[in-house]
């Protein structure tokens, strides 16, 4: 296991190398000096998806959602809580399926909200439907542990 991880900056997308032992310290982007961890879900777009889902060394929990979806809006506080609780061990992101339908198709998203846990662009696990924060955290931690 390498002692440094590649992490895209949530603000500018610049790739940063962070020593694994220093993840809990947070850190700032070497380019824009913004925090590498914000405790909030990252808003992904079609343009930023690959950098965060495929290039980053951290797992990524993606909430596939849409503005018009009532259960998605109800799930938003649980996703916010997950970002606060799970960083810096993984990054939490939201992807609007209306704004990036090609990525939703690529992942075979047929209902929302759907949460997909990925590492280096490969799906580790998925679950659909709104859930309380405790269930979301337990599900994510279980699948992270199983994936190693």
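Here, each number is a calculation from the coordinates, and none is a lab measurement. Bear in mind that the values here come from a model prediction, so they are computed numbers and not experimental data. As a convention, Cβ positions derive from the backbone with ideal geometry for all residues, glycine included, and neighbour counts pool all protein chains shown.
Structure above, values below:
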| read-out | value |
| --- | --- |
| Spacing of the two label points (7 Å from each Cα toward its C-beta) at residue 123 and residue 106, in nm | 1.3 |
| In degrees, nearest ten, helix 133-147 long axis to first principal axis of the chain (Cα) | 60 |
| Share antiparallel - DSSP beta bridges, the chain, percent rounded to 5 | 65 |
| Relative contact order [Cα under 8 Å, 6+ residues apart], segment 38-147, whole percent | 36 |
